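Some notes on the structure that comes next.
The values are calculated or read from the model by the stated rules, or taken from the named source; none is laboratory data. Since this is a predicted model, take the numbers as computed values, not measurements. For neighbour counting, all protein chains shown are included, and Cβ atoms are generated from backbone atoms with ideal geometry for every residue, glycine included. These area figures cover heavy atoms from the full protein model, side chains too; ligands, DNA and RNA do not enter into them. Shrake-Rupley method; radii C 1.70, N 1.55, O 1.52, S 1.80 Å.
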Amino acid sequence: MKTNPLYHMKKTIIAANWKSNKTKNEAKIWLNETALGNFPEHFEIVIFPSFTLLDYISGFVRINDTPFKIGAQDISPFDSGPYTGEISGKLIKEFADYVLIGHSERRAGFGESDEMIRKKVDMALRAGLTPIVCVSNISQLDGLESKEGLVIAYEPLGAISTSGPNAQPENPSLTSEFVQKIKEKISAEVIYGGSVEAGNVGQYISLENISGVLVGGQSLDPINFINIIKNAI
Ligand code: PEP
């Protein structure tokens, strides 16, 4: 159990990163199943669907009064304007409150540099979005300023379930040590991501310096996701 006296005042983030998955119909089935769950008020459950689903999911959540927050999986480093294919912060803010920035898949597969990520963080904050910046090492924090509302997702590369056949969740005591280093460098809430599932989520949530978890693969199935939330309580 957490001993931090602020624990009950702060929300625990349980974030679902759907990556490039789910059609509208699949999202509808997921929402109908998870909406039946019982979610304690101190949880901030944030769904990160693809851009194509932001409108539909934000409408569902509003109409059904479902206690989910919505996030985008990326943001343009530019304002609205002549940037074909880009989605600016202003466009995201119509539907979402959060944005994932610098996921390791974007750093590796789309060449996103730390400088690009800093621009995206600025854009997110200017649009009134809460940025969740993914990092796997301390140097990726260079140049990031402590800003009210900034969230860091610590995701060790080898822990991400899709990183390879040897992917494994990080030992929680190592996670706690690393989070401490992050907090010595920047003032931010820190969440953990990497092979989180119903069976291990409690070990991370109970770490005193962690404010939640980012879940990839296990968030795609509604039952698995509900079980993660149940075991995080
Ligand atoms: C991720 O890719 O952000 C992630 C945490 O994935 P998984 O939970 O599948 O390891």
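Things to note:
- Near pairs, Cβ below 6 angstrom, 6+ apart or cross-chain, from segment 196-208 (in contact (Cβ under 8 Å) with a residue 60 or more places away in the chain and of a type outside the set (V, I, T)) to any residue that is surrounded by fewer than 18 Cβ atoms within 10 Å (Cβ to Cβ) and part of a loop (DSSP other than H, G, I, E, B): E208/K2; E208/N4
- Filtered by the rule that a residue be open to solvent by less than 80 Å² (accessible area, probe 1.4 Å) and touching a helix residue (DSSP H, G or I) at 6+ places or on another chain (Cβ under 7 Å), segment 24-44 gives A27, W30, L31, E33, T34, A35, G37, F39, F43.
- Checking I210, I182, I228, I191 one by one, the residue that is closer than 21 Å to S104 by Cβ, open to solvent by less than 10 Å² (accessible area, probe 1.4 Å) and in contact with a Leu (Cβ under 6 Å, 6 or more places away or on another chain) is I191 and no other.
- Count of segment 124-151 residues which are open to solvent by 30 Å² or more (accessible area, probe 1.4 Å) and among the aliphatic types (A, V, I, L, M): 2
- Test result for I233, of a type in the set (A, V, I, L, M), away from the ligand (no atom under 16 Å from the Cβ) and open to solvent by 20 Å² or more (accessible area, probe 1.4 Å): yes
- Residue within segment 156-170 that is away from the ligand (no atom under 14 Å from the Cβ) and open to solvent by less than 70 Å² (accessible area, probe 1.4 Å) present: no
- Flag for T175 being in contact with a strand residue (DSSP E or B) (Cβ under 9 Å, 6 or more places away or on another chain) and under 25 Å from S113 (Cα atoms): yes
- The single residue among E177, E170, E148 that is at pLDDT below 95 and over 15 Å from the mean Cα position of the chain (by Cα) turns out to be E148.
- Residues of segment 171-195 that turn out to be within 11 Å of the ligand (Cβ to nearest atom), free of Cβ contacts under 8 Å to residues at least 60 places away in the same chain and not polar (S, T, N, Q), as a count: 2
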